[in-house]
Amino acid sequence: MLLRRLAVKIKTPVVEVHIPIEIRRSLVLFALGVLAAGCEPKDVRPGFWLAGEDVASPVDDWQFTDQIDEIFIETRSWYGIPHSTTIWCVHVANELYIGSYGEEKKYWEINILRDNRARVRIRGKIYDVTVTGLDDATQRHVVDMAYQRKYDMAQTFGNEIPTWSFYRVEQDGNEEPST
């Protein structure tokens, strides 16, 4: 009862603010820029869209990736927003391969199984690619040995080096998802 008597009603006038359309557009563009910059993957944190210079010319030899520890891969999620992450890669016989370790499939792998179209970013350049799993045991062994040479697995994982799954990355104009 005492609180009711002490309560003071404060009426504030409604202030209507008019922001010009140019300023609103600028604010939206600024917000989108901030969002896009914060949406790329970093270390183990996944991201969304990859930004970079699109490369349409075919790559005949991926040997230039030998000096690069991590590249970025952007896959197509089932809900329409891209999923991107960092990933290791090797080049074998002018071809590019990526890998994933452990028994449980990573999110990017699940996306690739559903739709094998992807984009990779290497040194700021974006390549449209198709990613397919390696089924041939001999090919898997060759790629595994290349991974062992490029990434010191014993130093990285100790005595318990996990099982790896490997994928071939092919640059092409495939626009239809594989089944």
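Read-outs: derived from the displayed coordinates by stated rules, not from any lab. Remember, predicted model here, so these are calculated numbers, not experimental data. FYI the Cβ positions are ideal-geometry reconstructions off the backbone, even for glycines, and counts take in every protein chain you see.
Any idea what the relative contact order of the stretch 53-171 is, in percent, if you count C-alpha pairs under 8 Å spaced at least 6 apart? It comes to 30 percent, rounded to a whole number.
Local charge sum around G102 (other residues, Cβ-Cβ under 15 Å, Lys/Arg +1, Asp/Glu -1)? That sum, taken over residues with Cβ under 15 Å, equals -3. Under the simplified labelling scheme, the F157-D66 pair shows an inter-label distance of 2.4 nm, with each label point 7 Å from Cα along Cα→Cβ. Here the label points at Y101 and S77, each 7 Å from Cα along the C-beta direction, are separated by 2.6 nm in the simple model.
Mind running the shape call on the stretch 53-171? Use the C-alpha gyration tensor, a ≥ b ≥ c as the square roots of the eigenvalues: rounded below 1.5 for a/c, prolate if a/b tops b/c, oblate otherwise. In terms of gyration-tensor shape, oblate. Protection proxy ranking for 101-113, 156-168, 64-76, using the average of other Cβ atoms within 10 Å per residue and placing the highest first: 64-76, 101-113, 156-168.
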